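Here's the structure we're looking at; comments come further down.
The values are calculated or read from the model by the stated rules, or taken from the named source; none is laboratory data. Here the structure is a predicted model, which means the values were calculated and not measured. For neighbour counting, all protein chains shown are included, and Cβ atoms are generated from backbone atoms with ideal geometry for every residue, glycine included. Each accessible area value is taken on the protein alone, full model and side chains, heavy atoms only, with ligands, DNA and RNA left out. Shrake-Rupley method; radii C 1.70, N 1.55, O 1.52, S 1.80 Å.
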Amino acid sequence: MKLDSLTAVSPIDGRYRAKVEPLAGYFSEYALIRYRIRVEIEYFITLCELPLPQLANFDHKLFDRLRDIYRYFNEENAQRVKDIEKTTNHDVKAVEYFIKEQFDAIGGLEEYKEFIHFGLTSQDINNTATPLALKEALLNVYYPQIEELISQLKAYAEEWKDVPMLAKTHGQPASPTRLGKEIMVYVYRLTEQLNSVKSCPITAKFGGATGNYNAHHVAYPQYNWKEFGNKFVSEKLGLSREQWTTQISNYDNLGELFDAIRRINTIIIDLDRDFWMYISMEYFKQKIKAGEVGSSAMPHKVNPIDYENSEGNLGMANAILQFLAQKLPVSRLQRDLTDSTVLRNVGVPLGHSIIAIQSTLKGLRKLILNEDKLKEDLNNTWAVVAEAIQTILRREAYPHPYEALKALTRTNKTMTEETIHEFIDGLNVSDSIKAELRAITPSNYTGM
(Lines give C-alpha, C1' and ligand atoms only; values in the text may rest on other atoms or scores of the structure.)
Protein backbone atom coordinates (compact mmCIF):
# COMPACT_ATOMS: atom_id res chain seq x y z
CA MET A 1 0.00 0.00 0.00
CA LYS A 2 1.07 3.55 -0.64
CA LEU A 3 1.71 5.42 2.60
CA ASP A 4 -0.95 8.02 3.34
CA SER A 5 -3.26 8.94 6.22
CA LEU A 6 -5.41 5.86 5.55
CA THR A 7 -2.57 3.32 5.41
CA ALA A 8 -0.27 4.75 8.12
CA VAL A 9 0.36 2.38 11.02
CA SER A 10 0.51 5.14 13.62
CA PRO A 11 -2.71 7.09 14.28
CA ILE A 12 -0.53 10.19 14.66
CA ASP A 13 0.34 9.98 10.95
CA GLY A 14 -3.04 8.49 10.09
CA ARG A 15 -6.33 9.45 11.71
CA TYR A 16 -4.91 12.47 13.55
CA ARG A 17 -2.46 13.71 10.92
CA ALA A 18 -4.25 17.02 10.42
CA LYS A 19 -3.95 17.83 14.13
CA VAL A 20 -0.22 17.20 14.33
CA GLU A 21 0.86 18.36 10.86
CA PRO A 22 3.03 21.20 12.26
CA LEU A 23 5.16 18.69 14.19
CA ALA A 24 6.35 17.12 10.92
CA GLY A 25 8.60 20.13 10.47
CA TYR A 26 10.46 19.20 13.65
CA PHE A 27 10.32 15.43 14.20
CA SER A 28 9.98 13.72 10.82
CA GLU A 29 12.91 12.01 9.09
CA TYR A 30 12.95 14.96 6.72
CA ALA A 31 13.14 17.39 9.63
CA LEU A 32 15.94 15.46 11.35
CA ILE A 33 18.03 15.57 8.17
CA ARG A 34 17.39 19.30 7.78
CA TYR A 35 18.38 20.03 11.38
CA ARG A 36 21.53 17.93 11.00
CA ILE A 37 22.49 19.91 7.90
CA ARG A 38 21.80 23.15 9.76
CA VAL A 39 24.18 22.15 12.55
CA GLU A 40 26.88 21.04 10.08
CA ILE A 41 26.66 24.29 8.10
CA GLU A 42 26.69 26.52 11.18
CA TYR A 43 29.65 24.55 12.54
CA PHE A 44 31.60 25.02 9.29
CA ILE A 45 30.82 28.76 9.34
CA THR A 46 32.01 29.01 12.95
CA LEU A 47 35.30 27.29 12.02
CA CYS A 48 35.71 29.92 9.28
CA GLU A 49 35.05 32.67 11.81
CA LEU A 50 37.61 31.30 14.26
CA PRO A 51 39.37 31.15 11.79
CA LEU A 52 41.19 27.90 11.28
CA PRO A 53 44.31 28.66 9.21
CA GLN A 54 43.08 26.61 6.22
CA LEU A 55 39.74 28.46 6.30
CA ALA A 56 41.13 31.97 6.75
CA ASN A 57 40.61 32.79 3.07
CA PHE A 58 37.08 31.45 2.82
CA ASP A 59 34.85 34.20 1.41
CA HIS A 60 32.44 35.18 4.19
CA LYS A 61 30.06 36.50 1.55
CA LEU A 62 29.31 32.86 0.79
CA PHE A 63 27.90 32.23 4.27
CA ASP A 64 24.40 33.07 3.05
CA ARG A 65 24.82 30.62 0.17
CA LEU A 66 25.81 27.94 2.66
CA ARG A 67 22.86 28.70 4.93
CA ASP A 68 20.56 28.45 1.93
CA ILE A 69 21.41 24.74 1.85
CA TYR A 70 19.23 24.23 4.95
CA ARG A 71 16.98 27.26 4.55
CA TYR A 72 15.66 25.98 1.22
CA PHE A 73 16.05 22.31 1.98
CA ASN A 74 13.20 20.33 0.42
CA GLU A 75 11.89 16.80 0.20
CA GLU A 76 13.86 16.15 -2.99
CA ASN A 77 17.05 17.07 -1.14
CA ALA A 78 16.04 14.79 1.73
CA GLN A 79 15.53 11.94 -0.69
CA ARG A 80 19.03 12.54 -2.06
CA VAL A 81 20.44 12.16 1.44
CA LYS A 82 18.49 8.92 1.88
CA ASP A 83 19.84 7.66 -1.45
CA ILE A 84 23.38 8.36 -0.30
CA GLU A 85 22.60 6.55 2.96
CA LYS A 86 21.77 3.41 0.99
CA THR A 87 25.47 3.29 0.14
CA THR A 88 27.00 4.59 3.38
CA ASN A 89 24.57 2.75 5.67
CA HIS A 90 25.21 5.70 8.00
CA ASP A 91 22.73 8.56 8.23
CA VAL A 92 25.05 11.32 9.46
CA LYS A 93 27.81 10.43 6.98
CA ALA A 94 25.19 10.69 4.26
CA VAL A 95 24.48 14.25 5.42
CA GLU A 96 28.20 15.08 5.21
CA TYR A 97 28.43 13.75 1.65
CA PHE A 98 25.30 15.65 0.65
CA ILE A 99 26.79 18.92 1.89
CA LYS A 100 29.98 18.19 -0.05
CA GLU A 101 27.83 17.80 -3.16
CA GLN A 102 26.29 21.19 -2.41
CA PHE A 103 29.78 22.70 -2.09
CA ASP A 104 30.55 21.29 -5.55
CA ALA A 105 27.36 22.88 -6.88
CA ILE A 106 28.42 26.29 -5.52
CA GLY A 107 31.85 25.78 -7.12
CA GLY A 108 35.37 26.73 -6.13
CA LEU A 109 35.15 25.21 -2.65
CA GLU A 110 37.05 21.96 -3.17
CA GLU A 111 39.87 22.88 -0.78
CA TYR A 112 37.42 23.49 2.06
CA LYS A 113 35.27 20.35 1.79
CA GLU A 114 37.20 18.26 4.32
CA PHE A 115 36.35 20.79 7.04
CA ILE A 116 32.72 19.74 6.81
CA HIS A 117 32.19 17.55 9.92
CA PHE A 118 35.82 18.23 10.89
CA GLY A 119 36.78 16.49 14.14
CA LEU A 120 33.19 15.55 14.93
CA THR A 121 31.38 12.35 15.77
CA SER A 122 27.79 11.64 14.75
CA GLN A 123 26.48 12.46 18.19
CA ASP A 124 27.89 15.98 17.98
CA ILE A 125 25.31 16.41 15.23
CA ASN A 126 22.48 14.27 16.63
CA ASN A 127 22.78 15.67 20.16
CA THR A 128 22.56 19.23 18.85
CA ALA A 129 20.01 18.69 16.05
CA THR A 130 17.47 16.89 18.25
CA PRO A 131 17.41 19.36 21.17
CA LEU A 132 17.32 22.24 18.68
CA ALA A 133 14.30 20.70 16.93
CA LEU A 134 12.66 20.05 20.29
CA LYS A 135 13.27 23.61 21.48
CA GLU A 136 11.75 25.11 18.34
CA ALA A 137 8.80 22.70 18.37
CA LEU A 138 8.03 23.70 21.95
CA LEU A 139 8.22 27.40 21.10
CA ASN A 140 6.26 27.26 17.86
CA VAL A 141 3.76 24.45 18.42
CA TYR A 142 3.47 23.13 21.96
CA TYR A 143 3.54 26.32 24.05
CA PRO A 144 0.88 28.07 21.93
CA GLN A 145 -1.42 25.06 22.31
CA ILE A 146 -1.07 24.97 26.11
CA GLU A 147 -1.47 28.73 26.31
CA GLU A 148 -4.65 28.52 24.22
CA LEU A 149 -6.04 25.94 26.66
CA ILE A 150 -5.14 28.12 29.64
CA SER A 151 -6.72 31.15 27.95
CA GLN A 152 -9.98 29.26 27.34
CA LEU A 153 -10.11 28.09 30.94
CA LYS A 154 -9.36 31.59 32.19
CA ALA A 155 -12.24 32.98 30.11
CA TYR A 156 -14.64 30.44 31.63
CA ALA A 157 -13.32 31.13 35.13
CA GLU A 158 -14.13 34.80 34.68
CA GLU A 159 -17.51 34.16 33.02
CA TRP A 160 -18.66 31.79 35.78
CA LYS A 161 -16.90 33.33 38.76
CA ASP A 162 -20.19 34.08 40.57
CA VAL A 163 -21.96 30.79 39.82
CA PRO A 164 -22.41 28.82 43.07
CA MET A 165 -21.93 25.08 42.87
CA LEU A 166 -22.17 22.15 45.23
CA ALA A 167 -18.70 20.79 45.85
CA LYS A 168 -17.99 17.08 46.20
CA THR A 169 -15.27 15.56 48.37
CA HIS A 170 -15.02 11.77 48.26
CA GLY A 171 -17.95 12.02 45.85
CA GLN A 172 -20.19 13.32 48.64
CA PRO A 173 -21.75 16.78 49.10
CA ALA A 174 -19.29 19.21 50.67
CA SER A 175 -18.96 22.92 51.38
CA PRO A 176 -20.26 24.81 48.32
CA THR A 177 -17.85 26.50 45.96
CA ARG A 178 -18.06 28.58 42.81
CA LEU A 179 -17.71 27.15 39.33
CA GLY A 180 -15.31 29.85 38.21
CA LYS A 181 -13.02 29.19 41.15
CA GLU A 182 -12.90 25.46 40.39
CA ILE A 183 -11.85 26.21 36.82
CA MET A 184 -9.32 28.76 38.05
CA VAL A 185 -7.61 25.96 39.95
CA TYR A 186 -6.68 24.43 36.59
CA VAL A 187 -5.54 27.79 35.21
CA TYR A 188 -3.21 28.10 38.18
CA ARG A 189 -1.91 24.52 38.01
CA LEU A 190 -1.27 24.58 34.26
CA THR A 191 0.38 28.00 34.41
CA GLU A 192 2.71 26.90 37.19
CA GLN A 193 3.75 23.75 35.38
CA LEU A 194 4.09 25.49 32.01
CA ASN A 195 6.53 27.87 33.69
CA SER A 196 8.35 24.81 35.01
CA VAL A 197 8.62 23.35 31.50
CA LYS A 198 9.90 26.65 30.13
CA SER A 199 12.56 26.79 32.85
CA CYS A 200 14.01 23.39 31.91
CA PRO A 201 17.41 23.90 30.25
CA ILE A 202 17.65 22.44 26.77
CA THR A 203 21.22 21.30 26.43
CA ALA A 204 23.44 19.76 23.76
CA LYS A 205 26.44 17.48 23.72
CA PHE A 206 29.30 18.75 21.54
CA GLY A 207 32.81 17.48 22.21
CA GLY A 208 34.08 14.85 19.81
CA ALA A 209 34.15 11.07 19.84
CA THR A 210 34.29 10.64 23.62
CA GLY A 211 33.60 14.18 24.79
CA ASN A 212 37.24 15.36 25.06
CA TYR A 213 37.79 17.14 21.72
CA ASN A 214 40.54 14.60 20.99
CA ALA A 215 40.59 15.13 17.21
CA HIS A 216 40.30 18.91 17.46
CA HIS A 217 43.08 19.13 20.03
CA VAL A 218 45.52 16.86 18.20
CA ALA A 219 45.09 18.84 14.97
CA TYR A 220 45.07 22.33 16.50
CA PRO A 221 46.33 22.25 20.11
CA GLN A 222 46.65 26.05 20.18
CA TYR A 223 42.87 26.56 20.39
CA ASN A 224 40.61 26.32 23.43
CA TRP A 225 38.07 23.94 21.92
CA LYS A 226 35.92 23.85 25.00
CA GLU A 227 35.46 27.60 24.76
CA PHE A 228 34.82 27.26 21.01
CA GLY A 229 32.16 24.60 21.63
CA ASN A 230 30.43 26.67 24.29
CA LYS A 231 30.28 29.67 21.97
CA PHE A 232 29.11 27.68 18.96
CA VAL A 233 26.33 25.87 20.81
CA SER A 234 25.05 28.98 22.60
CA GLU A 235 25.43 31.63 19.89
CA LYS A 236 24.68 29.64 16.74
CA LEU A 237 22.16 27.13 18.10
CA GLY A 238 20.71 28.88 21.14
CA LEU A 239 21.38 25.88 23.38
CA SER A 240 23.61 25.23 26.40
CA ARG A 241 26.57 22.90 26.01
CA GLU A 242 26.92 20.05 28.49
CA GLN A 243 30.37 20.48 29.99
CA TRP A 244 31.23 16.88 30.92
CA THR A 245 30.00 14.07 28.67
CA THR A 246 30.90 10.77 27.07
CA GLN A 247 30.28 10.35 23.33
CA ILE A 248 26.62 11.16 23.88
CA SER A 249 24.51 13.60 25.82
CA ASN A 250 23.81 12.73 29.42
CA TYR A 251 20.14 13.37 28.63
CA ASP A 252 19.47 14.38 32.22
CA ASN A 253 17.95 17.67 31.17
CA LEU A 254 15.80 16.00 28.53
CA GLY A 255 14.57 13.69 31.27
CA GLU A 256 13.68 16.72 33.39
CA LEU A 257 11.82 18.26 30.44
CA PHE A 258 9.87 15.09 29.69
CA ASP A 259 8.87 14.73 33.34
CA ALA A 260 7.70 18.35 33.37
CA ILE A 261 5.55 17.83 30.26
CA ARG A 262 4.18 14.66 31.85
CA ARG A 263 3.02 16.71 34.85
CA ILE A 264 1.11 19.04 32.53
CA ASN A 265 -0.50 16.05 30.85
CA THR A 266 -1.48 14.62 34.23
CA ILE A 267 -3.21 17.89 35.14
CA ILE A 268 -5.14 17.83 31.86
CA ILE A 269 -6.23 14.24 32.59
CA ASP A 270 -7.56 15.50 35.93
CA LEU A 271 -9.37 18.32 34.12
CA ASP A 272 -10.82 15.92 31.53
CA ARG A 273 -12.22 13.66 34.23
CA ASP A 274 -13.74 16.55 36.17
CA PHE A 275 -15.55 17.96 33.16
CA TRP A 276 -16.65 14.45 32.19
CA MET A 277 -18.19 14.19 35.65
CA TYR A 278 -19.78 17.64 35.46
CA ILE A 279 -21.46 16.63 32.20
CA SER A 280 -22.59 13.35 33.78
CA MET A 281 -24.05 15.37 36.69
CA GLU A 282 -25.84 17.58 34.12
CA TYR A 283 -24.05 20.73 35.26
CA PHE A 284 -23.28 21.18 31.58
CA LYS A 285 -25.07 20.26 28.42
CA GLN A 286 -23.19 19.96 25.14
CA LYS A 287 -23.72 21.82 21.89
CA ILE A 288 -25.17 19.53 19.26
CA LYS A 289 -23.85 19.52 15.73
CA ALA A 290 -26.21 18.54 12.94
CA GLY A 291 -25.47 15.12 11.50
CA GLU A 292 -23.34 13.89 14.40
CA VAL A 293 -24.14 10.56 16.05
CA GLY A 294 -23.55 9.82 19.73
CA SER A 295 -24.29 6.10 19.61
CA SER A 296 -24.87 3.57 16.86
CA ALA A 297 -27.77 2.17 18.91
CA MET A 298 -29.12 4.91 21.20
CA PRO A 299 -30.31 7.96 19.24
CA HIS A 300 -30.50 10.26 22.29
CA LYS A 301 -26.82 10.03 23.23
CA VAL A 302 -24.46 13.01 23.21
CA ASN A 303 -21.30 11.56 24.69
CA PRO A 304 -18.38 13.53 26.23
CA ILE A 305 -16.04 11.87 23.74
CA ASP A 306 -13.60 14.77 23.46
CA TYR A 307 -12.50 14.40 27.08
CA GLU A 308 -12.23 10.63 26.67
CA ASN A 309 -10.15 11.02 23.51
CA SER A 310 -7.92 13.50 25.31
CA GLU A 311 -7.46 11.24 28.32
CA GLY A 312 -6.51 8.28 26.13
CA ASN A 313 -3.94 10.26 24.16
CA LEU A 314 -2.47 11.76 27.32
CA GLY A 315 -2.06 8.29 28.75
CA MET A 316 -0.14 7.24 25.64
CA ALA A 317 1.98 10.39 25.80
CA ASN A 318 2.83 9.94 29.45
CA ALA A 319 3.80 6.29 29.02
CA ILE A 320 6.30 7.26 26.32
CA LEU A 321 7.53 10.36 28.19
CA GLN A 322 8.20 8.25 31.27
CA PHE A 323 10.09 5.70 29.21
CA LEU A 324 12.18 8.42 27.52
CA ALA A 325 13.01 10.07 30.85
CA GLN A 326 14.06 6.76 32.40
CA LYS A 327 15.85 5.23 29.43
CA LEU A 328 17.83 8.04 27.82
CA PRO A 329 20.13 8.87 30.78
CA VAL A 330 21.30 5.23 30.89
CA SER A 331 23.98 3.98 28.45
CA ARG A 332 26.80 1.46 28.55
CA LEU A 333 30.22 3.05 29.18
CA GLN A 334 30.95 5.83 26.67
CA ARG A 335 27.80 4.94 24.68
CA ASP A 336 25.63 2.32 23.09
CA LEU A 337 23.21 2.74 20.21
CA THR A 338 19.93 2.45 22.14
CA ASP A 339 19.58 6.22 22.50
CA SER A 340 19.67 6.69 18.73
CA THR A 341 16.53 4.74 17.94
CA VAL A 342 14.75 6.01 21.05
CA LEU A 343 15.42 9.66 20.17
CA ARG A 344 13.59 9.20 16.88
CA ASN A 345 10.40 8.89 18.94
CA VAL A 346 10.67 12.23 20.76
CA GLY A 347 7.94 13.70 18.60
CA VAL A 348 5.49 10.87 19.34
CA PRO A 349 4.49 11.91 22.90
CA LEU A 350 4.31 15.54 21.80
CA GLY A 351 2.02 14.42 19.00
CA HIS A 352 -0.30 12.59 21.40
CA SER A 353 -0.18 15.62 23.73
CA ILE A 354 -1.17 18.03 20.95
CA ILE A 355 -4.04 15.74 19.88
CA ALA A 356 -5.20 15.65 23.50
CA ILE A 357 -5.04 19.40 24.06
CA GLN A 358 -7.07 20.01 20.91
CA SER A 359 -9.64 17.42 22.00
CA THR A 360 -9.96 19.04 25.43
CA LEU A 361 -10.41 22.45 23.82
CA LYS A 362 -13.05 21.03 21.49
CA GLY A 363 -14.91 19.60 24.48
CA LEU A 364 -14.68 22.83 26.46
CA ARG A 365 -16.04 24.83 23.56
CA LYS A 366 -19.12 22.60 23.38
CA LEU A 367 -20.18 23.39 26.96
CA ILE A 368 -23.57 24.93 27.75
CA LEU A 369 -23.94 25.87 31.41
CA ASN A 370 -27.02 24.35 33.06
CA GLU A 371 -27.52 26.72 36.01
CA ASP A 372 -30.88 25.23 36.88
CA LYS A 373 -29.24 21.91 37.70
CA LEU A 374 -26.56 23.57 39.83
CA LYS A 375 -29.24 25.45 41.77
CA GLU A 376 -31.31 22.31 42.16
CA ASP A 377 -28.42 20.37 43.67
CA LEU A 378 -27.65 23.19 46.08
CA ASN A 379 -31.29 23.53 47.17
CA ASN A 380 -31.52 19.79 47.73
CA THR A 381 -28.45 19.68 49.95
CA TRP A 382 -29.00 21.96 52.90
CA ALA A 383 -26.85 19.73 55.09
CA VAL A 384 -23.78 21.50 53.70
CA VAL A 385 -24.50 24.62 55.78
CA ALA A 386 -23.88 22.58 58.94
CA GLU A 387 -20.18 23.44 58.78
CA ALA A 388 -20.99 27.15 58.70
CA ILE A 389 -23.46 26.91 61.60
CA GLN A 390 -21.18 24.91 63.89
CA THR A 391 -18.25 27.26 63.12
CA ILE A 392 -20.25 30.34 64.19
CA LEU A 393 -21.44 28.49 67.28
CA ARG A 394 -17.79 27.69 68.12
CA ARG A 395 -17.08 31.40 67.80
CA GLU A 396 -19.86 32.08 70.28
CA ALA A 397 -18.53 29.42 72.72
CA TYR A 398 -21.69 27.37 72.34
CA PRO A 399 -21.28 23.96 74.02
CA HIS A 400 -20.45 21.04 71.70
CA PRO A 401 -21.56 22.65 68.42
CA TYR A 402 -19.93 20.05 66.16
CA GLU A 403 -21.64 17.21 67.97
CA ALA A 404 -25.00 18.99 67.83
CA LEU A 405 -24.77 19.44 64.06
CA LYS A 406 -23.48 15.91 63.62
CA ALA A 407 -26.54 14.54 65.46
CA LEU A 408 -28.78 16.64 63.24
CA THR A 409 -27.25 15.86 59.84
CA ARG A 410 -25.78 12.34 60.03
CA THR A 411 -29.12 10.64 59.60
CA ASN A 412 -31.04 9.35 56.62
CA LYS A 413 -33.46 12.23 57.04
CA THR A 414 -33.33 14.76 54.20
CA MET A 415 -32.06 18.14 55.33
CA THR A 416 -34.19 20.99 54.04
CA GLU A 417 -34.29 24.72 54.68
CA GLU A 418 -37.12 24.11 57.15
CA THR A 419 -35.14 21.41 59.00
CA ILE A 420 -32.12 23.66 59.37
CA HIS A 421 -34.15 26.70 60.45
CA GLU A 422 -36.08 24.63 62.97
CA PHE A 423 -32.75 23.56 64.47
CA ILE A 424 -31.55 27.19 64.57
CA ASP A 425 -34.76 28.32 66.28
CA GLY A 426 -34.13 25.79 69.06
CA LEU A 427 -30.63 27.05 69.83
CA ASN A 428 -29.94 28.91 73.07
CA VAL A 429 -28.37 31.93 71.35
CA SER A 430 -29.38 35.54 70.79
CA ASP A 431 -31.83 36.56 68.11
CA SER A 432 -29.04 38.35 66.23
CA ILE A 433 -27.01 35.13 66.05
CA LYS A 434 -30.08 33.21 64.92
CA ALA A 435 -30.62 35.80 62.18
CA GLU A 436 -26.98 35.44 61.13
CA LEU A 437 -27.38 31.66 60.94
CA ARG A 438 -30.67 31.83 59.03
CA ALA A 439 -29.02 34.03 56.40
CA ILE A 440 -26.67 31.20 55.44
CA THR A 441 -27.77 29.20 52.41
CA PRO A 442 -26.07 26.60 50.21
CA SER A 443 -25.91 29.22 47.47
CA ASN A 444 -24.17 31.96 49.45
CA TYR A 445 -21.91 29.81 51.62
CA THR A 446 -19.15 29.81 49.02
CA GLY A 447 -16.20 31.42 50.78
CA MET A 448 -13.93 34.03 49.30
Checked the range 272-292 for anything within 17 Å of Gln152 (Cα to Cα) and over 25 Å from the mean Cα position of the chain (by Cα); matches are Phe284, Gln286, Lys287
Mind checking which residues of the range 193-229 are of a type in the set (S, T, N, Q), assigned to a helix (DSSP H, G or I) and closer than 17 Å to His117 by Cα? Asn214
If I filter the range 185-195 down to residues being open to solvent by 30 Å² or more (accessible area, probe 1.4 Å) and either acidic (Asp, Glu) or in contact (Cβ under 8 Å) with a residue 12 or more places away in the chain (or both), which single residue comes out as nearest to Thr128 (Cα to Cα)? Gln193
What residue, among those in the range 14-40 that are in a loop (DSSP other than H, G, I, E, B) and either closer than 30 Å to Val233 by Cα or in contact with a helix residue (DSSP H, G or I) (Cβ under 8 Å, 6 or more places away or on another chain) (or both), is modelled with the lowest pLDDT? Tyr16
Testing Thr441 on (1) touching a Leu at 6+ places or on another chain (Cβ under 9 Å); (2) open to solvent by 30 Å² or more (accessible area, probe 1.4 Å); (3) touching a residue at least 24 places away in the same chain (Cβ under 8 Å); (4) in a helix (DSSP H, G or I), one condition comes back false. Which one is that? (4)
Give me the helices (runs of 4 or more DSSP H) completely within the range 41-141, filtered to those with at least 1 residues that are of a type outside the set (Asp, Glu) and more than 35 Å from the chain's Cα centre (by Cα), ordered by residue number. 63-71, 75-88, 91-106
Write out, first by first residue and then by second, each pair whose Cβ atoms fall under 8 Å of each other, whose residues are 6+ apart or on separate chains, and whose first residue, in the range 110-133, is closer than 24 Å to Gln334 by Cβ and among the hydroxyl-bearing types (Ser, Thr, Tyr) while the second is modelled with pLDDT of 95 or more and surrounded by fewer than 19 Cβ atoms within 10 Å (Cβ to Cβ). Thr121/Ala209; Ser122/His90; Ser122/Lys93
From the options Ala105, Ala174, residue that is at negative phi, of a type outside the set (S, T, N, Q) and open to solvent by 50 Å² or more (accessible area, probe 1.4 Å): Ala105
Somewhere in the range 240-250, is a residue over 21 Å from Arg38 (Cβ atoms), in contact (Cβ under 8 Å) with a residue 12 or more places away in the chain, open to solvent by 20 Å² or more (accessible area, probe 1.4 Å) and in contact with an Asp or Glu (Cβ under 8 Å, 6 or more places away or on another chain)? yes
Every residue in the range 396-420 that is hydrophobic (A, V, I, L, M, F, W, C), within 25 Å of Met448 (Cβ to Cβ) and part of a helix (DSSP H, G or I), please. Leu405, Ile420
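If a residue must be of a type in the set (S, T, N, Q) and within 47 Å of the chain's Cα centre (by Cα), how many such residues does the range 412-448 contain?
Filtering the range 412-448 for residues of a type in the set (S, T, N, Q) gives 412, 414, 416, 419, 428, 430, 432, 441, 443-444, 446.
Now restrict to residues that are within 47 Å of the chain's Cα centre (by Cα): 412, 414, 416, 441, 443-444, 446.
Qualifying residue count for the region: 7.
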If the Cβ limit is 8 Å and pairs must be 6+ apart or interchain, which residue in the range 206-228 that is on the phi < 0 side of the Ramachandran plot and among the basic types (Lys, Arg) pairs with which residue that is modelled with pLDDT of 95 or more and open to solvent by less than 20 Å² (accessible area, probe 1.4 Å)? Lys226/Gly207; Lys226/Tyr213
Return the pairs, sorted by first residue and then second, in which the second residue is open to solvent by 70 Å² or more (accessible area, probe 1.4 Å) and part of a helix (DSSP H, G or I), the first residue lies in the range 263-277 and is among the aliphatic types (A, V, I, L, M), the beta carbons are less than 7 Å apart, and the residues are 6+ apart or on different chains. Ile267/Arg189
When the range 328-360 is checked residue by residue, the ones that are under 23 Å from the mean Cα position of the chain (by Cα) and surrounded by fewer than 18 Cβ atoms within 10 Å (Cβ to Cβ) are Pro329, Ser340, Thr341, Val342, Arg344, Asn345
Tally of residues being open to solvent by 30 Å² or more (accessible area, probe 1.4 Å) and assigned to a helix (DSSP H, G or I) across the range 146-171: 8
Go through (1) open to solvent by less than 60 Å² (accessible area, probe 1.4 Å); (2) under 28 Å from Val342 (Cβ atoms) for Glu21 and report which single condition fails. (1)
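Here's the yes/no breakdown for (1) touching a residue at least 60 places away in the same chain (Cβ under 8 Å); (2) under 27 Å from Glu282 (Cβ atoms); (3) part of a helix (DSSP H, G or I); (4) open to solvent by less than 20 Å² (accessible area, probe 1.4 Å):
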| residue | (1), (2), (3), (4) |
| --- | --- |
| Lys373 | yes, yes, yes, no |
| Glu376 | no, yes, yes, no |
| Ala386 | no, yes, yes, yes |
| Arg394 | no, no, yes, no |
| Ile424 | no, no, yes, yes |
| Ser432 | no, no, yes, no |
